[in-house]
Every structure is written in C-alpha cells, then in structure tokens.
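Coordinate-derived values only; no laboratory data. Model, not experiment: these values are computed from the prediction. Quick reminder, even Gly has a Cβ in these numbers, built from the backbone with ideal geometry, and neighbours come from all protein chains shown.
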Amino acid sequence: MLFRFAVAATLSGTFSAGAAVASFVLLALGGVVVGLAVAGAWLFVVKRLKDQTLIIMANTLMSWVAYIAGERMHVSGVIATVVAGLMLGWYQHIVFSAPVRLRGSAFWQTLVFILEAIVFILIGSSLRGVLDRVGGIEAVSATMTIPILGVVLTIVAARFAWIFASDGLLSALRALGLKRARPLGVRQATILSWTGMRGVVTLAVALSLPAAMPGRDLMLVTAFAVIFATVVVQGASLGWLIRTVGPKDKDPPAKMTMAETEAAIAGARNAAVEANAYDQDGTLIHPQLLKQSHKRLEAIQRYAADADTFMENVRPHFDVILTSIAAGRAELIRVHRAGLIEDEVLQELERDLDVEELGIILQRGE
C-alpha cells in the first residue's frame, strides 16, 4: 500500500499525509475483511470437496480470488491474500487429508519455482530494454553507479536498524516483566540483519511500475542491483558470518522434544487401538493389530529415552526394508514390461511402494 501511495504521489505531484493515513487504515482493514471472507468461503467449499485435484485447485485459486476481490473492492489485495493464506495455513492440518497435503506440497513447490523463474525472465527482458534506452552498460556505470550504491547500502542499513530496534524493544519488554518477549541478542540479531536477501518481490514491484513513472529505468536497474548484492554477496557470505559470529541460542528449550512428542502420539494411537481391539462382549478381535501397536509403543518409548542409540541400532533394520522395497519395485516393473499387468496396477502398486519408502525415509530422520 505504501508503494501504491508513493507511485500515486509521484505521478500526481501531490501528497497529503492525513489523507494517506486515513486511506492506509481503510485499505488495510478492508483487506483483512475481504481476506477473512474469502477464507471462510474457501473453508466452506473444501470441506465438501472429495476429489484431491479439486481441493488443490481450490487452494491455488484462493490466493487469486482474494487478491482480485480485494482490488475490485478498492482495498488492499495484498493484505487480503496474506490473511486468506494465514487462514489456509491454520486450517490445512484439519481439513486436508494426508494425500492432499503431500500432493499439494509437491504442486506448490513446482508452481513457485515456475512463477519465480518467469519473474526473473521478465526482469532480464526489461533490463535489456533499459540498457538499450540509456545507452548501454557504459552509460549505466557512468550515471547510475552512485545512486544504485546508495540505495543498496541504505537497504542493508535499514535492515540492521529494523532488526536491532525490534530486538531492543523486546529486551525492554522483557525487562519490564513480559516473559513472552524473547530478544535475539546481538549475535543472532547481526546474522538475521545480514539475511535480508531480496528476490522475486523486489522484481515484481519494479516490474509493476507504470511506463510513465519518472526514473523507471533507474528503478529497474536498481532493483536488479539490489537483488544481485543481497542474494549473491550477502547470501554467499552468510556461512562465513555465522561461523565468525558464533550465535548462541539462549531461549529455553521447549517443554517436549520431538522424541517425547512422538511417544505421546504413539501412546494416543495405542490407546485408540486398545479401545477398539475388543468387541462388545470383551472378545479380542484384533490380536495382531494390538500386538503391533504395543510393539510400536515400546519401540518409540525406547527411542524417546535415548534417541541417538536407538537410531544407530535401528538403521540397519531400515536399510533392509528399503532394499526389499527396491526389490519389489524392480519386480513390479519387470512384470509390467513383460505385459503381465495393466498400467493402472503398476501405478497403484508403485504408489504404495513409494508411500512405504517415504515413511521409512522419514523414520530414518533423512
């Protein structure tokens, strides 16, 4: 929204602080309302959808719907999208099945990669036009080096100022007795300040500038320089900075470790199995399932007691299972290549083997 105000002020030549603040509040609150409304509609729809592909598509379209709805209602489409996304992130663990989450994650990773690649291609195409208009790279070096360098240094300094000011505020709140305020400390704040890499958002903002915007070419070149300096220079030196600064985590540990949490989950699952392993007259009807549940609970309790020793002893067991899965997959492919099974059988059984392999890989901690 601030970007929108800056562009409007530049193109119109006028600016009113009071009107800008009032408009900012209206746009922000309106964006929140629209985002909540879109998220509510999305939640209503996905709870009733059965097809996994339709659910993933509904999740994808929700972001576009939130943004377009916000812009059509003359409020902040960005805030509407963010609010809707937060709602999706909160409810996804409840309304999505495991296959939807797995397939959705793979889809989103691919989609994000494609969109980011498209944006970088666009900035590359735009930058070439800029260089042609200003007279080539020599003209850029002669006329734009100083302002570009000033912008890059200002952005880096602003990141440090924001992080350290925020950390100082947290320290003050902590000193006043607010225990939930957890300041980072100088070392962690330094590293976090250096991680202010700019990427696709910077490119998207620069590309959205109107063609009539004064200094648009300079802004496009500067955006490219900012991305190069922050991603390449700061990103490449981040490892060295972490080793040099040596951050120390002073936050108190969580009340439960991952191993203890897994043991709690296993206990809840075992209790559910025990409650359903007998029929109404008390006859055991699922003896093998109950035995497996007890065995799993005992194994996870040993894991929670000494995770490192347990994993060292159990990894050879997992290796054998992975070898057997690989052998089963090879046999599945062999019978398919020999024309003994249909394609549908291949796909179904291969999916089962893949899910089993994924489970073993996750248990190995990889």
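Within the shell defined by Cβ-Cβ distances under 13 Å, the residues around G30 carry a net charge of 0, with Lys and Arg each +1 and Asp and Glu each -1.
Please identify the helices of the chain, taking whole runs of DSSP H, that span at least 20 Å along their own axis as judged from the Cα atoms and have a mean Kyte-Doolittle score of 1.0 or higher. Numbers along the way, then the final one.
Working: long enough: 17-46 (43 Å, 2.30); 52-72 (30 Å, 0.70); 77-95 (26 Å, 1.48); 98-134 (54 Å, 1.09); 145-175 (45 Å, 1.52); 258-276 (27 Å, 0.10); 287-305 (27 Å, -0.86); 307-337 (43 Å, 0.07); 343-363 (30 Å, -0.17).
Span-like helices in the chain: 17-46, 77-95, 98-134, 145-175.
Taken about its Cα centre, the chain carries a charge dipole of roughly 1400 debye when the Cβ of each Lys and Arg holds +1 and the Cβ of each Asp and Glu holds -1. Within the shell of other residues whose beta carbon sits under 15 angstrom from the beta carbon of V231, the net charge comes to +1, with Lys and Arg scored +1 and Asp and Glu -1. Of the labelled figures [x] -0.71, -1.05, -1.21, -1.51; [y] -0.62, -0.79, -0.86, -1.20; [z] -0.39, -0.62, -0.75, -1.44, only one reflects log10 I(q)/I(0) by the Debye sum over Cα atoms at q = 0.08, 0.10, 0.11, 0.15 Å⁻¹ as derived from the coordinates, namely [x].
The listed peptides 35-42, 284-291, ordered by packing as a protection proxy, come out as 35-42, 284-291 (highest mean of other Cβ atoms within 10 Å first). Coordinate range of the alpha-carbon atoms in the stretch 232-332 per principal axis, descending: 69, 45, 26 Å.
For the chain, the 222 nm mean residue ellipticity estimated from helices alone, with every DSSP H stretch of n ≥ 4 adding -39500 (n - 2.57) and the total spread over all residues, rounds to -26500 deg cm²/dmol.
Take every pair of alpha-carbon atoms less than 8 Å apart whose residues are at least six positions apart; their mean separation over the length of the chain yields a relative contact order of 11 percent. Here's the picture: charge each Lys and Arg Cβ at +1 and each Asp and Glu Cβ at -1 in the stretch 253-305, and of A271, P287, A305 the one pushed furthest to the positive end of that dipole is A305.
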